[in-house]
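Presented below is the structure to which this report refers.
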Amino acid sequence: MGKTIIILCLIGILSYFLYINGYMVVSSKRSLMFLGSKRGKKAMFSSCTGYIKRVVKFKENKLYHVDFRLELEKGGVMLELLDARKQVILSLNGSEGAKIEVESGERYYMILRFKSATGSYEVSWD
């Protein structure tokens, strides 16, 4: 019993470490079909409700252009970017882009929220 508790604690610590460094995606969604990329930057989905959350760290201090390409047949999808204090610094809900000033090494949270959505999306920044 003691070994099981230790192993579960180690798995929890490893999962947290991977998440806060941007290597793991946390999601809670219900859908008929969902085909996504490794880090949640693009996906195709059908009747999807829920969210995808991941940590993003930018390499440089600069003004980034965030591009959110969204093709929906129905429903809605919203992209939010939160700073380290979990304050919303960017909110997009259609095929649009925006510019944001970020600091390298800081932790940002990217959250995609789905509401009975069918279609596809892609998120990129440069």
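The values are calculated or read from the model by the stated rules, or taken from the named source; none is laboratory data. All of these numbers come straight from a predicted model, not from anything done at the bench. Cβ atoms come from the backbone with ideal geometry, glycine included; neighbour counts cover every protein chain shown. Only protein heavy atoms, including side chains, enter the accessible area calculation; ligands, DNA and RNA are left aside. Shrake-Rupley method; radii C 1.70, N 1.55, O 1.52, S 1.80 Å.
Observations
- Of the residues making up region 89-98, those that are open to solvent by 20 Å² or more (accessible area, probe 1.4 Å) and either in contact with a Phe, Trp or Tyr (Cβ under 7 Å, 6 or more places away or on another chain) or outside any strand (DSSP E or B) (or both) are N93, S95, E96, G97.
- Within region 51-63, being open to solvent by 20 Å² or more (accessible area, probe 1.4 Å) and touching a strand residue (DSSP E or B) at 6+ places or on another chain (Cβ under 6 Å) holds for Y51, K53, L63.
- Test result for K86, outside any strand (DSSP E or B), open to solvent by 60 Å² or more (accessible area, probe 1.4 Å) and under 20 Å from S28 (Cα atoms): yes
Residue-wise test of (1) open to solvent by 20 Å² or more (accessible area, probe 1.4 Å); (2) of a type in the set (A, V, I, L, M); (3) not in a helix (DSSP H, G or I).
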site	(1), (2), (3)
L14	yes, yes, no
F17	yes, no, no
V66	no, yes, yes
G76	yes, no, yes
E80	yes, no, yes
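- Residue in region 26-44 that is least open to solvent (accessible area, probe 1.4 Å), counting only those that are in contact (Cβ under 8 Å) with a residue 40 or more places away in the chain and part of a strand (DSSP E or B): A43
- Test for Y23: is it open to solvent by 90 Å² or more (accessible area, probe 1.4 Å), of a type in the set (S, T, Y) and out of contact with any strand residue (DSSP E or B) (no Cβ under 9 Å at 6 or more places or on another chain): no
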